[in-house]
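Contents: one structure, followed by commentary.
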Amino acid sequence: MEDLSRYYTLLRDPARRKIVEILGAQEKIGFKELREVLGLGVGTVYYHLDMLSDFIVQDKQRKYRLNDRGQTLYKILKEGNVPPTLEISEAFSHRLAKWLFLSPVFAKTVKPLRLLPLSIAILLIGALGSAYTGLDSALFFYFPYSIYSFTSLIVLYFFNWLGLFLFAELFTYLLYRRVGNDLQLFTCVGLATFPMAFFPYIYLFVSDAVSQYVLFILQIWSLLLVSAAFCFGKGVRLDKAVVISFTAIYLNIALLFMSGRFT
């Protein structure tokens, strides 16, 4: 088999090792049964299955089983060549990336009702900040000197991020046939708005020139967080989630050009 070091990140997660062990022992299993055994949320199970896509296949009954590479991996796990606990130290870059994407926070959305109030609170903070500063929000962008009223700016802020949520629902279905798990996705999207929600408050205390640089940094961070939100909310791999995120921001820019906001 190929050098196992390239699979360390994959195998570090106990849920993925458990999936390989379950499929190796039972030969095949349906999604519902697998989810019950793992005790994880729908999006989380989909995410781990997507990460293991090189090792598993689905039969005509849509049950999962190991392919040849997966069987080899299971054999190595069973023989103890890769310890079940797999205590692999994380490099600083891995720890930094984990917190940059807020993965520990998104992981807790398996039970979305726990973090739904926080998600809504972040959206409310962003909406009030936008209205108080008079910044016209347009998803990943803000425009000063808005003509809208205080209430209209609040509604517009919520409408923008609700639109992103609905776009993600549609796009993940069309591209990856992922359905359901709506509440977890909504919670994740709300959490992902954190950088953009706090920009209006930063805007109050810095010059226009500095605020543009700050906004650019927060836009990049927001794009990363939105990608992570799609990962956990819809259970797609990061490379697939990034496709959705970039499509969203390109459409965002295109609509702004069409509306004359960008010239």
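Any read-out appearing in this document is the output of simple, stated calculations on the displayed coordinates, not a laboratory observation. The structure presented is a predicted model; accordingly, all values stated were derived computationally and were not measured. Virtual Cβ from ideal backbone geometry, glycine too; neighbours counted across all protein chains shown.
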Point to revise | Dipole of the chain, positive direction: furthest Cα of Leu218, Tyr132, Val179, with charges on the beta-carbon | key: Val179
**Study point:** Size of the stretch 94-258 as Cα extents on the principal axes (Å, biggest first)
**Key:** 41, 36, 27
Revision key, fill the gap. Plugging the Cβ-Cβ distance of Ser149 and Arg69 into 1/(1 + (r/R0)^6) at R0 = 51 Å yields, to the nearest 0.05, a FRET efficiency of 0.30
Exercise for review: With runs of 4+ DSSP H residues as the only contributors, calculate the mean residue ellipticity of the chain at 222 nm using -39,500 (n - 2.57) per run, divided by the residue total and rounded to the nearest 500.
Suggested key: -22000 deg cm²/dmol
**Study point:** Global form of the stretch 204-263, assessed from the alpha-carbon gyration tensor, a/c cut-off 1.5
**Key:** oblate
Review point. Which entries in Lys28/Lys108; Lys18/Lys78; Lys32/Lys78; Lys63/Lys111; Lys75/Lys98 show an alpha-carbon gap greater than 22 Å?
Key: Lys28/Lys108; Lys32/Lys78; Lys63/Lys111; Lys75/Lys98
Review point. DSSP loop trypsin sites (Lys or Arg not before Pro) in the stretch 217-263 with at most 14 other Cβ atoms within 10 Å of their Cβ, which ones?
Key: Arg261
Check your understanding: What is the chain's relative contact order, in percent, from Cα pairs under 8 angstrom and six or more apart in sequence?
Key -> 21 percent
